[in-house]
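The numbers here are math on the coordinates, done by the rules we state, and not lab data. Because the structure is predicted, anything quoted here is derived from the model rather than measured. Reconstructed Cβ throughout: ideal geometry from the backbone, glycine too, with neighbour counts over all protein chains shown.
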Amino acid sequence: MKIEYIYHSGFTVDTKNHFLVFDYYKGKIELKDKPTYVFCSHNHLDHFNPEIFNWSKDKDDILFILSSDIENVPNVKANFIDPYEELKINNLHIKTFGSTDRGVSYLITVDGNSIFFAGDLNWWHWKNDTEEEKRQEERAFKTEISKIKGNKIDLAFFPVDPRLEEYYYLGGQYFINEIQPKVFIPMHFGDKFEITKEFINKAKDSSTSIVEINTTNQIIPLF
């Protein structure tokens, strides 16, 4: 697989036979001459841009897999999906899990590899929340992770959000400890690239390989 970081939570994954796009909302992107699947985890503006539907004007073999909270979709080839559903499309097997914010998270098996894309699933520990709100967020997150546990995951995209300040690492570290993906790619950090290196230092005792991201359109060759 070859991964390209577009921006924020936007990535492309180029496999042997397929091209996948995740949560594009802005940045330079080049589509490939392969069957293309565009995933949107939810309708927040930093995860979804209606511009993606224009891609179908020049590309017939493109399919959109959209969280069901996304509305006003034009006449394109699209599948809408809720949490805890399964979908088989050609050689893709798609399972969805929930989020601790909005929409879905995705577990996709394609060309022999399993990919987890978290969307806004995270341990949202906000400093200004009440203690009860913090406990609720922790319970909701850990409950969702328990539903994912047991699935083999080769590649995981997961938020490492600097807005959480010193608690930015909580969700990612817990996910790695519980799920043990082979490769972990941080996301949801905007222009704060340095947070990816900080996270690597936080989780350095793990056997999971964690990718450092330093620029937009960074190419990450894997497997």
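Mean sequence separation of contacting Cα pairs (under 8 Å, at least six apart), scaled by the length of the chain, corresponds to a relative contact order of 17 percent. If both residues of a DSSP beta bridge must be in segment 19-142, then about 50% of such bridges are antiparallel. A crude spin-label estimate for the pair residue 142 and residue 128, with each label 7 Å from Cα along the Cβ direction, gives 2.7 nm. Using C-alpha pairs below 8 Å separated by at least 6 residues, the relative contact order for segment 96-223 is 20 percent. Let me make sure I get this right: for segment 68-158, a, b and c are the square roots of the gyration tensor eigenvalues over alpha carbons, sorted descending. Under 1.5 in a/c it's rounded, otherwise prolate if a/b > b/c, else oblate. Which is it? The shape class here is oblate. Spatial offset of segment 1-74 relative to segment 89-120 amounts to 13 Å, using the alpha carbon center of each.
Scanning the chain for helices, which whole DSSP H stretches are 20 Å or more long along the axis (Cα) and average 0.0 or more by Kyte-Doolittle? Answer set is empty.
Basic side chains Lys and Arg get +1 at the Cβ, acidic Asp and Glu get -1 at the Cβ, and with that the dipole of the chain about its Cα centre reaches some 620 debye. Calculated mean residue ellipticity, 222 nm, the chain: -5000 deg cm²/dmol, from DSSP H runs (n ≥ 4) at -39500 (n - 2.57) each, averaged per residue and rounded to 500.
Exposure proxy for 146, 9, 114: other Cβ atoms within 10 Å of each Cβ, ordered fewest to most, give 146, 114, 9. The GluC sites (Glu not before Pro) of segment 1-93 that DSSP puts in a loop, and whose beta carbon has at most 16 other beta carbons within 10 Å, are 30, 71, 85.
Each Lys and Arg contributes +1 and each Asp and Glu -1, all at the Cβ; summed about the Cα centre of segment 99-223, the dipole is approximately 360 debye.
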